[in-house]
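Values in this text are rule-based calculations from the coordinates and carry no lab data. Keep in mind the model is a prediction, meaning the values are calculated, not measured. In this analysis, Cβ positions are derived from the backbone assuming ideal geometry, glycine residues included, and neighbour counts consider all displayed protein chains.
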Amino acid sequence: MSEGRVELSKDHENHIATIIIRRSLAGNLMTRAMAAEFATHLANVDEDDDVKVVLIRGEGDDLCAGWDPADAWSQYREAPGGAVRKHPSQRARLIALDDAWWGSTGLYQRLLHCRKVTIVEARGRCWDTGLYLVLCADLVVAGEDATFGSPRWHNVGVDGDMSLLFATVGLKRAKELMYCNVAWSASTALDYGLVDRVDEDAPYGASELAATCASIMRDGIVTEKYAVFASLEKLGIGLSFAATTVVGASLSNIHFQPDEFNFLRQVRHEGAEAALVRSRKDVEIR
């Protein structure tokens, strides 16, 4: 697969920063290196007083089709304690997941606790990592072609935070994504409250919304954001993220039975692209 990058640009005159995921040939699959770059950009704009709004987009047809499975094992191997034995230690798995994704400097924490208004332009596949970008952002404008889900859960178990999903769409609806190998259409996501609006021209709609939010005074934005942060603590989101690191590390040690599709083995034997195609062929769009 092609190597990806995440780019940051700033329009200080209009107080809007734009972060673009650039790996279109691979559906903008996210790697740990890309996640780190993304998190660094969020930290950058968080300290820039001339930025009020962060607009997040994906290059090409998709926001982000998920986490690149080819990157999963290497992130454990390269963490402290990861190369001591043939199989990375549990500490390596915990450290890798915390540093890149769920911890204080990880991508999802950075996005969830950004002091700017964060807006996602959701087009095409918003799966796995793409779903969490949608959940962690303040506002979401979806294209009519957008789909939302986490097909990986059908193959390796639910290894992400559930608290934000439960709080956003409700427990019963969340279970549909957890157990039924489905992805929600843009219209379903709107009905469920996962997105704020569906626009025939999502790039225009997201830019228009960003301009509206950028007209709010800085003190108003930050005051409102800290009220959101307080609510997140009351909901126990921080505790849930910490628990997700533990669960995710544990699920990296799962054992498949002979009659079960072994996604991890398929990645090793056939490569990430072939494994992804096979694992996602039965995803139902609702």
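Okay, here's what the table says:
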item	result
Rounded to whole Hz, the Karplus (6.51, -1.76, 1.60) HN-Hα couplings of region 223-229, x for glycine and proline	4, 5, 5, 5, 5, 5, 4
Residue among 192, 111, 163 farthest towards the positive dipole end of region 5-285, charges placed on Cβ	163
Potential lengthening between residue 90 and residue 231 on full extension [0.36 nm per residue; Cα-Cα distance subtracted]	47.5 nm
In sequence order, calculated HN-Hα J values of region 46-55 (Karplus, 6.51, -1.76, 1.60; Hz; x Gly/Pro)	4, 9, 9, 6, 7, 9, 10, 9, 10, 9
In Å, descending, principal axis extents of the Cα set of the chain	58, 40, 38
For the chain, size of Cβ-based charge dipole, Lys and Arg +1, Asp and Glu -1, in debye	1160 debye
Charge tally in the Cβ shell below 11 Å around residue 22, where Lys, Arg are +1 and Asp, Glu are -1, residue 22 excluded	-1
Summed residue charge, Cβ within 10 Å of residue 96's Cβ, Lys/Arg positive, Asp/Glu negative	+1
Reachable aspartates and glutamates from residue 225, criterion Cα separation under 19 angstrom, eight or more residues apart if same chain	46, 47, 48, 49, 50, 138, 196, 233
Burial order of peptide ranges 204-211, 171-178, 230-237 (average beta-carbon count within 10 Å, highest first)	204-211, 171-178, 230-237
Gyration tensor verdict on region 94-210 (Cα atoms; rounded if a/c is under 1.5, prolate if a/b is larger than b/c, oblate otherwise)	oblate
Cα centroid separation, region 55-101 to region 198-224 (Å)	32 Å
The chain, helix-only ellipticity at 222 nm - DSSP H runs n ≥ 4, -39,500 (n - 2.57), divided by all residues, nearest 500	-14000 deg cm²/dmol
Region 74-130 shape via C-alpha gyration tensor axes, a/c threshold 1.5	oblate
Global geometry of region 151-252, whether rounded, prolate or oblate, following the gyration tensor of its Cα atoms and the 1.5 cut on a/c	oblate
